[in-house]
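*Asks:* Have a look at this one.
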Amino acid sequence: MSGLILPVPDSLAAGLALLMALMPVEAQGQPGTAQCRLPNRIPTPRVENPINERDVRRMAIGGYTLALSWTPQYCASTAARSMQCDKSIGRFGFILHGLWPDGKGRSWPQWCSLASVLPREVLAENLCVTPSVQLMQREWAKHGTCMAKKPDAYFDKARALYLGLRFPDMALMARQSRLTAGQLAGAFARANPGMRIDMIRVGSNRYGMLSDLWICLDTAFNPTRCPAGRRGLSLNSRIRVRTGY
């Protein structure tokens, strides 16, 4: 199944091209000027479902996390060929990793229903914000099935939240010699009115390089203070930003 190739519908390709052309560069999470170009054919992802029944967790949702991944670091640290790192498709900055439901305590819902392979229309419509068909398949199976009955409803919401963000000048962030996680979160908050530093968590790899950014949301999908104990760097932690890949 994973070896199949699906053509991109002409109407979707044209619509995505227009959308990306009209979007401000910063809304794409880009440190420079670049546009996403849908490939002529899109691979079909393999189905992912929980391996064990004990991995299934169905519970009330207490909020959400909008998870972003920093492409330059991802592409510098992975040996696998990836659409996200393919410069013929686009030069990505922050991409949408996923929209995750959180529980009301320290646990969270996941793998709520068995998921079939995503329709090609859903893949094509979201590939420029999440440039990995397998990541989209996993996000739908693990997180989306706990939030929506159909994948297009889940991805439409996640994409709208992502496209509503504005990003700071990441090239400027990369030039800072003593950058902290708090300063990076502060720059991100200033770019997005109504957002505060305590609503943002910053992630790095073991070498202190920016890898992820998580935005905490309430049950109405508005930014909210992140609960205590969630993963992320302390505000005073030093962090470095890679921009080239």
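*Asks:* What is the number of the single condition among (1) without any contact (Cβ under 8 Å) to a residue 40 or more places away in the chain; (2) within 19 Å of the chain's Cα centre (by Cα); (3) outside any strand (DSSP E or B) that Asp198 does not meet?
*Replies:* Tallying (1) without any contact (Cβ under 8 Å) to a residue 40 or more places away in the chain; (2) within 19 Å of the chain's Cα centre (by Cα); (3) outside any strand (DSSP E or B), Asp198 fails exactly one: (2).
Yes/no per residue for (1) more than 30 Å from Arg120 (Cβ to Cβ); (2) basic (Lys, Arg):
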site	(1), (2)
Cys146	no, no
Lys149	no, yes
Leu163	no, no
Arg196	yes, yes
Gly208	yes, no
Asp218	yes, no
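*Asks:* Looking only at residues that are part of a loop (DSSP other than H, G, I, E, B), touching a residue at least 12 places away in the same chain (Cβ under 8 Å) and not hydrophobic (A, V, I, L, M, F, W, C) in the range 87-106, which one is nearest to Cys36 (Cα to Cα)?
*Replies:* The initial filter retains those residues of the range 87-106 that are part of a loop (DSSP other than H, G, I, E, B), namely 87-93, 103-106.
Imposing the further condition that a residue be touching a residue at least 12 places away in the same chain (Cβ under 8 Å) reduces the set to 88-93, 103-106.
After this cut, where a residue has to be not hydrophobic (A, V, I, L, M, F, W, C) as well, the list is 88, 90-91, 93, 103-106.
On the way: Ser88: 9, Gly90: 4, Arg91: 7, Gly93: 11, Gly103: 34, Lys104: 37, Gly105: 38, Arg106: 37 Å.
Looking at residues that are part of a loop (DSSP other than H, G, I, E, B), touching a residue at least 12 places away in the same chain (Cβ under 8 Å) and not hydrophobic (A, V, I, L, M, F, W, C), I get Gly90.
*Asks:* Report the residue count in the range 163-173 for those that are in contact with a helix residue (DSSP H, G or I) (Cβ under 9 Å, 6 or more places away or on another chain), touching a residue at least 60 places away in the same chain (Cβ under 8 Å), under 17 Å from Thr243 (Cβ atoms) and outside any loop (DSSP other than H, G, I, E, B).
*Replies:* Summing the residues that are in contact with a helix residue (DSSP H, G or I) (Cβ under 9 Å, 6 or more places away or on another chain), touching a residue at least 60 places away in the same chain (Cβ under 8 Å), under 17 Å from Thr243 (Cβ atoms) and outside any loop (DSSP other than H, G, I, E, B) in the range 163-173 gives 2.
*Asks:* Considering (1) crowded, with 19+ Cβ neighbours inside 10 Å; (2) in a loop (DSSP other than H, G, I, E, B), say which one Thr219 fails and leave the rest.
*Replies:* Going through (1) crowded, with 19+ Cβ neighbours inside 10 Å; (2) in a loop (DSSP other than H, G, I, E, B) one by one, Thr219 breaks only (1).
*Asks:* While we're here: Any residue in the range 48-69 that is on the phi < 0 side of the Ramachandran plot and surrounded by fewer than 21 Cβ atoms within 10 Å (Cβ to Cβ) sitting within a Cβ distance under 6 Å of a residue that is outside any strand (DSSP E or B) and of a type in the set (Val, Ile, Thr)? List the pairs, counting only those 6 or more apart or interchain.
*Replies:* Qualifying pairs under 6 Å: Pro50/Val56.
*Asks:* Answer with yes or no whether Leu38 is of a type in the set (A, V, I, L, M, F, W, C), assigned to a strand (DSSP E or B) and surrounded by 18 or more Cβ atoms within 10 Å (Cβ to Cβ). Full working, then the answer.
*Replies:* Numbers: of a type in the set (A, V, I, L, M, F, W, C): yes; assigned to a strand (DSSP E or B): no; surrounded by 18 or more Cβ atoms within 10 Å (Cβ to Cβ): yes.
Taking the combined requirement at face value, the residue does not satisfy it.
*Asks:* Give the range 201-245 a look and list any residue that's out of contact with any strand residue (DSSP E or B) (no Cβ under 9 Å at 6 or more places or on another chain) and in contact (Cβ under 8 Å) with a residue 60 or more places away in the chain, or say none.
*Replies:* If the condition is that a residue be out of contact with any strand residue (DSSP E or B) (no Cβ under 9 Å at 6 or more places or on another chain) and in contact (Cβ under 8 Å) with a residue 60 or more places away in the chain, then Gly229, Thr243, Gly244, Tyr245 are the ones that fit.
*Asks:* Report, by residue number, each residue of the range 47-68 that is out of contact with any Leu (no Cβ under 8 Å at 6 or more places or on another chain) and within 21 Å of Leu118 (Cβ to Cβ).
*Replies:* Val47, Glu48, Pro50, Ile51, Asp55, Val56
*Asks:* Within the bounds of the range 73-85, is there any residue that is assigned to a helix (DSSP H, G or I) and modelled with pLDDT under 50?
*Replies:* Scanning the range 73-85 turns up no residue that is assigned to a helix (DSSP H, G or I) and modelled with pLDDT under 50.
*Asks:* Of everything in the range 209-232, what is closer than 28 Å to Ala76 by Cα and modelled with pLDDT under 95? Give them in sequence order. I'd like the intermediate steps shown before the answer.
*Replies:* From the range 209-232, those closer than 28 Å to Ala76 by Cα are 209-216, 230-232; that's our starting set.
Matches in the range 209-232: Arg230, Arg231, Gly232.
*Asks:* Follow-up question, since we're still on this one. Restricting to the range 107-130, name every residue that is part of a helix (DSSP H, G or I) and either in contact (Cβ under 8 Å) with a residue 60 or more places away in the chain or among the aliphatic types (A, V, I, L, M) (or both). Before the answer, list the steps.
*Replies:* Filtering the range 107-130 down to residues part of a helix (DSSP H, G or I) leaves 120-126.
Matches in the range 107-130: Arg120, Glu121, Val122, Leu123, Ala124, Glu125.
*Asks:* Another question, then. Does any residue of the range 150-168 turn out to be more than 30 Å from Arg81 (Cβ to Cβ), of a type in the set (D, E, K, R) and at pLDDT below 95?
*Replies:* Checking the range 150-168: not a single residue is more than 30 Å from Arg81 (Cβ to Cβ), of a type in the set (D, E, K, R) and at pLDDT below 95.
*Asks:* Okay, moving on. Going by the conditions given, is Arg178 modelled with pLDDT under 95, more than 15 Å from Leu66 (Cα to Cα) and either in a loop (DSSP other than H, G, I, E, B) or over 19 Å from the mean Cα position of the chain (by Cα) (or both)? Please lay out each step first, then the result.
*Replies:* Numbers: modelled with pLDDT under 95: yes; more than 15 Å from Leu66 (Cα to Cα): yes; either in a loop (DSSP other than H, G, I, E, B) or over 19 Å from the mean Cα position of the chain (by Cα) (or both): yes.
Yes, satisfied.
*Asks:* If I filter the range 86-98 down to residues being at pLDDT below 95 and small (Gly, Ala, Ser), which single residue comes out as nearest to the chain's Cα centre (by Cα)?
*Replies:* Looking at the filtered set, the residue picked out is Gly93.
The values are calculated or read from the model by the stated rules, or taken from the named source; none is laboratory data. Keep in mind the model is a prediction, meaning the values are calculated, not measured. Cβ: placed from backbone, ideal geometry, glycine included. Neighbour counts: every protein chain shown.
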